Amino acid sequence: MRIALYQPDQAGNVGTILRLAACLAVPVDIIEPCGFAYSDRALKRAGMDYAEMANVTRHSGWQGFAHAATGRIVLMTTKAELCLPDARFVPGDILLLGSESEGAPADVHARADLRLRIPQAAGTRSLNIAVAAGIALAEALRQLDEWPR
């Protein structure tokens, strides 16, 4: 299981996701460009000392990441038909989340092996990506019995 972030633009969210990933021993792929300097103080503040413990791979762009990806790309998107509780994860899945401001473009949607949405109350648009990453990752780890022991 991996988390991948497509061109994230909020350092605090990335720091929170790096902390989540470090605590759950899940590698993170960051697909650049980012909307902030990787040395941003907000990333360090949100990630605390956990960000340094995270297993992070940075990719210079989408094509490099897509070429290197060895598992199914599971895109978390509000545009998906399939809901998270109805999905079946397999070992090696990569949970991909789009940027906070733009989501993921059409070519990323087209490349995804599976597109999922988190069910939400009527009248709401979307969750913060760090929250969405935590929800999706928890469900995937639960299904695969891959929680750290």
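Listing for the model above:
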item	result
Residues that are within 21 Å of GLN10 (Cα to Cα) and either at pLDDT below 95 or in a loop (DSSP other than H, G, I, E, B) (or both), drawn from the range 119-149	THR124, ARG125, SER126, LEU127, ASN128
Residue check, PRO105 open to solvent by 30 Å² or more (accessible area, probe 1.4 Å), free of Cβ contacts under 8 Å to residues at least 24 places away in the same chain and either among the acidic types (Asp, Glu) or farther than 20 Å from ASP145 by Cα (or both)	yes
VAL56 in contact with a strand residue (DSSP E or B) (Cβ under 8 Å, 6 or more places away or on another chain) and modelled with pLDDT under 95	yes
Those residues of the range 54-78 which are assigned to a loop (DSSP other than H, G, I, E, B) and within 24 Å of CYS23 (Cβ to Cβ), in sequence order	ALA54, ASN55, ALA69, THR70, GLY71, ARG72
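Per-residue answers, yes or no, for (1) assigned to a helix (DSSP H, G or I); (2) modelled with pLDDT of 90 or more:
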site	(1), (2)
LEU20	yes, yes
SER39	no, no
LEU43	yes, no
GLY47	yes, no
GLU52	no, no
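The values are calculated or read from the model by the stated rules, or taken from the named source; none is laboratory data. What you see is a predicted model, and the numbers here were worked out from it, not measured in a lab. Every residue, glycine as well, gets a Cβ built from its backbone with ideal geometry; the counts of neighbours run over all protein chains shown. These accessible areas exclude ligands, DNA and RNA; they are computed on the full protein's heavy atoms, side chains included. Shrake-Rupley method; radii C 1.70, N 1.55, O 1.52, S 1.80 Å.
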